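First comes the structure, then the notes that go with it.
The values are calculated or read from the model by the stated rules, or taken from the named source; none is laboratory data. It should be emphasised that the depicted structure is a prediction, and the values quoted were computed from it without experimental measurement. Note that each Cβ is placed from the backbone with ideal geometry, even for glycine, and that neighbours are counted across all protein chains shown.
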Amino acid sequence: MAELLNLHDAVARLVRDGDTVAMEGFTHLIPHAAGHEIIRQGRRDLTLVRLTPDVLYDQMIGMDCARKLVFSWGGNPGVGSLHRFRDAVENGWPGPLEIEEHSHAGLTNRYVAGASGLPFAVLRGYAGTSLAEPGRTANLAWVDCPFTGERLAAVAALRPDVAVIHAQQADRDGAVQLWGIAGVQKEAVLAARRSLVTVEEIVDRLEPRPGSVVLPAWALTAVAVVPGGARPSYAAGYYDRDNDFYQAWEPVSRDRDRFLEWMQAHVLEAVPA
Amino acid sequence: MSVAAAVAQGRATPAEMMAVAAARALSDGEVCFVGIGAPSTAANLARATHAPRLVLVYESGCIGAKPARLPLSIGDGELADTADAVVSVPEIFNYWLQPGRIDVGFLGAAQVDRFANINTTVVGDYDRPSVRLPGAGGAPEIAASCRQVYIMARHSPRTFVAALDFRTSVGFGAGAGDRERLGLPGAGPVLVATDLGVLRPDPETAELVLTQLHPGVTVDEARAATGWDLRVAGDLEISEPPTASELEQLRRLEATQRPQGAAGGGRAPHHETERSRDH
């Protein structure tokens with residue numbers, strides 16, 4: 001049953017050095033506040049997993065939280081590069097960063113297999129690409145369909161130690177509802193051994209909403225109330241994406257010193273939620 | 001002529017001509033899987049002009065999005081709020097893209113080779129890249145499974161290269177017949193729109209051929225901007241210049257994406273280079 005914790009205690013209990021951590025969110029509902037708390041608590045050697053590592057993972061990589069990144073598209077959407085990610089891959093700063101990269105379809109299906117309790121998932125993908133060259137991509141193999149003989153890509157199940165997501169609401173028992181663009185958050189939570197959901201607010205009753213994802217309390221480890229916890233990403237029904245911030249991140253993240261100053265002022269010295 | 005002069009005279013810049021040429025290739029009522037950046041601009045231009053019933057699908061799970069302003073990211077709230085349906089990421093790839101329900105996949109590229117294969121992963125050696133690009137995203141499976149693929153890229157020898165540093169997404173592989181050998185269900189790229197003209201694959205060899213030039217561009221300029229010995233179609237066409245309506249709609253759309261407080265000036269050249277490289 002999900003335990004209601006404050007953000008500090010939830011991160012302290014659930015996220016450990018060396019863990020494989022999936023902080024999902026497809027542009028929408030990115031768990032920025034939780035990521036900042038992980039940075040403040042000085043976690044190291046994490047394997048970070050996410051389809052679309054954007055500004056949050058750029059910050060965590062630049063602050064040396066990560067040993068490895070498993071991903072499928074690493075950019076600042078509509079703006080350009082992730083400079084801290086690039087600096088790590090191109091120059092090994094602040095430390096070497098191992099990468100395992102997939103396509104969105106491939107990494108998505110790694111989560112699906114993990115959530116399904118299966119050893120792998122199949123898809124029609126990767127064929128003919130450099131990702132499919134022998135020895136290039138971990139957790140990718142090929143299988144022949146037993147019914148049709150078609151050769152298909154197989155991707156190994158992903159089982160993160162902990163999944164961290166942000167949602168709009170939880171009820172008093174810790175059941176969670178999110179709506180709008182839902183990304184791969186449900187699969188990440190169900191694939192993970194532990195899960196933390198930060199929410200905008202606690203409500204007496206979760207009102208049904210079209211296309212929403214509801215995660216029962218017993219399927220979650222911890223819930224923390226963090227209003228604004230997705231900013232500068234957005235939470236449908238609560239606040240909009242701060243596109244100006246994503247544009248402004250470009251010059252801040254280009255320069256190591258300017259980046260570190262920004263993190264000091266806005267994350268390390270910020271008051272935890 | 002400078003970009004500023006072109007705009008002042010009400011004429012199209014090369015980038016605008018590229019967007020118009022790509023938009024014109026989309027037919028009303030088609031279902032189009034849209035990448036962010038230039039493809040999204042062109043697809044929304046088509047929807048604002050000759051193809052009001054174009055169905056835009058974004059990999060964030062937004063099906064039938066009808067944005068009034070250009071999204072900065074593929075997951076902007078505007079896309080979800082205006083969509084016919086919003087589905088999860090596993091669903092968009094497994095249920096909608098993979099079975100072949102999409103007519104046109106619309107991709108950008110950092111590098112394109114003569115068989116319309118695409119690199120969006122690295123420049124240089126994979127393990128020691130000189131430029132680390134964002135990577136695959138949805139592109140490999142979009143390129144594999146859509147019935148047709150359109151590509152947009154600025155024409156330069158840095159982009160149109162003899163050999164890719166990394167093959168992120170397959171066009172025609174090593175040439176005609178490779179898609180069939182690889183089991184890729186879609187027909188592959190049928191059009192590459194650039195700021196100089198349009199390239200289409202030779203029906204026999206699958207090699208990209210210059211079939212269309214934009215007004216004022218010469219064959220020599222297109223060949224000089226291509227990193228291989230670019231073939232030119234015998235019946236080379238000249239693109240119709242953008243209509244007043246196309247240009248007006250395109251500029252109206254692009255104005256919706258400028259950061260607040262940056263009205264009028266447009267983007268710095270360096271910034272624009274980053275955008276075109278990364279998408």
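If you check residue B:75 against the conditions, is it surrounded by 23 or more Cβ atoms within 10 Å (Cβ to Cβ) and either at the interface with chain A (Cβ under 8 Å from one of its Cβ atoms) or in contact with a helix residue (DSSP H, G or I) (Cβ under 9 Å, 6 or more places away or on another chain) (or both)? So residue B:75 passes the test.
Among all residues of region B:112-122, there is none that is more than 8 Å from chain A (Cβ to nearest Cβ), over 19 Å from the mean Cα position of the chain (by Cα) and of a type outside the set (Lys, Arg). For region A:116-133, the set of residues classified as under 26 Å from residue B:174 (Cβ atoms) and either touching a Phe, Trp or Tyr at 6+ places or on another chain (Cβ under 8 Å) or surrounded by fewer than 23 Cβ atoms within 10 Å (Cβ to Cβ) (or both) consists of A:122, A:123, A:124, A:127, A:130, A:132, A:133, listed by residue number.
Inside region A:173-190, can you point out the residues that are among the acidic types (Asp, Glu) and either away from chain B (no Cβ under 12 Å) or more than 17 Å from the chain's Cα centre (by Cα) (or both)? Outline the logic, then answer.
Taking region A:173-190 first, the residues among the acidic types (Asp, Glu) are A:173, A:187.
Scanning region A:173-190 gives a single hit, A:173.
Scanning region B:141-175 for residues that are among the small types (Gly, Ala, Ser), over 13 Å from the mean Cα position of the chain (by Cα) and part of a loop (DSSP other than H, G, I, E, B) returns B:156, B:162, B:163, B:171, B:173, B:174, B:175.
For residue B:52, the conditions (1) over 18 Å from the mean Cα position of the chain (by Cα); (2) modelled with pLDDT of 95 or more; (3) surrounded by 19 or more Cβ atoms within 10 Å (Cβ to Cβ) all hold with the exception of (3). The residues of region A:86-104 that are in contact with a strand residue (DSSP E or B) (Cβ under 7 Å, 6 or more places away or on another chain), touching a residue at least 24 places away in the same chain (Cβ under 8 Å) and outside any loop (DSSP other than H, G, I, E, B), listed by number, are A:98, A:99, A:100, A:101. Within region A:1-54, if we keep just the residues that are out of contact with any Lys or Arg (no Cβ under 9 Å at 6 or more places or on another chain), among the hydrophobic types (A, V, I, L, M, F, W, C) and more than 14 Å from every other protein chain (Cβ to nearest Cβ), the residue that is farthest from residue B:72 (Cα to Cα) turns out to be A:1. Is region B:130-149 home to any residue that is out of contact with any Ser or Thr (no Cβ under 6 Å at 6 or more places or on another chain), more than 9 Å from chain A (Cβ to nearest Cβ) and modelled with pLDDT under 95? Among the residues of region B:130-149, not one is out of contact with any Ser or Thr (no Cβ under 6 Å at 6 or more places or on another chain), more than 9 Å from chain A (Cβ to nearest Cβ) and modelled with pLDDT under 95, which makes the answer no.
Being more than 9 Å from every other protein chain (Cβ to nearest Cβ) and either crowded, with 19+ Cβ neighbours inside 10 Å or in contact (Cβ under 8 Å) with a residue 60 or more places away in the chain (or both) holds for only one residue in A:78, A:62, and it is A:62.
Considering region A:111-137, the residues that are facing chain B (nearest Cβ under 9 Å), among the hydroxyl-bearing types (Ser, Thr, Tyr) and not in a helix (DSSP H, G or I) include one that is farthest from residue B:127 (Cα to Cα), namely A:126. Considering region A:247-257, and only residues there that are farther than 17 Å from residue A:33 by Cβ and not acidic (Asp, Glu), the residue that is nearest to the other protein chains (Cβ to nearest Cβ) turns out to be A:247. Screening region A:203-246 for residues that are free of Cβ contacts under 8 Å to residues at least 60 places away in the same chain and part of a strand (DSSP E or B) and picking the one that is nearest to the other protein chains (Cβ to nearest Cβ) gives A:213.
Restricted to region B:212-236, and to residues that are closer than 17 Å to residue B:23 by Cα and out of contact with any Asp or Glu (no Cβ under 6 Å at 6 or more places or on another chain), which residue is surrounded by the fewest Cβ atoms within 10 Å (Cβ to Cβ)? Checked region B:212-236; the qualifying residue surrounded by the fewest Cβ atoms within 10 Å (Cβ to Cβ) is B:215. All of A:152, A:107, A:140 fail the test of being within 11 Å of another protein chain (Cβ to nearest Cβ) and either more than 30 Å from residue A:2 (Cα to Cα) or β-branched (Val, Ile, Thr) (or both), apart from A:152.
If you check B:206, B:162, B:174 for being surrounded by 20 or more Cβ atoms within 10 Å (Cβ to Cβ) and either at positive phi or of a type in the set (Gly, Ala, Ser) (or both), only one passes: B:206. Residue A:49 meets each of the listed conditions (1) in contact with a Ser or Thr (Cβ under 9 Å, 6 or more places away or on another chain); (2) among the β-branched types (Val, Ile, Thr); (3) free of Cβ contacts under 8 Å to residues at least 60 places away in the same chain apart from (3).
So, of the residues in region B:160-185 that are over 21 Å from residue A:153 (Cα atoms) and touching a residue at least 60 places away in the same chain (Cβ under 8 Å), which turns out to be nearest to the other protein chains (Cβ to nearest Cβ)? Checked region B:160-185; the qualifying residue nearest to the other protein chains (Cβ to nearest Cβ) is B:175. Applying the condition of being at the interface with chain A (Cβ under 7 Å from one of its Cβ atoms) and of a type in the set (Val, Ile, Thr) to region B:78-110 and asking which residue is nearest to residue B:254 (Cα to Cα) yields B:86. For residue A:113, are the conditions met, namely being touching a Phe, Trp or Tyr at 6+ places or on another chain (Cβ under 6 Å) and farther than 23 Å from residue A:226 by Cβ? For residue A:113, the condition - touching a Phe, Trp or Tyr at 6+ places or on another chain (Cβ under 6 Å) and farther than 23 Å from residue A:226 by Cβ - is met.
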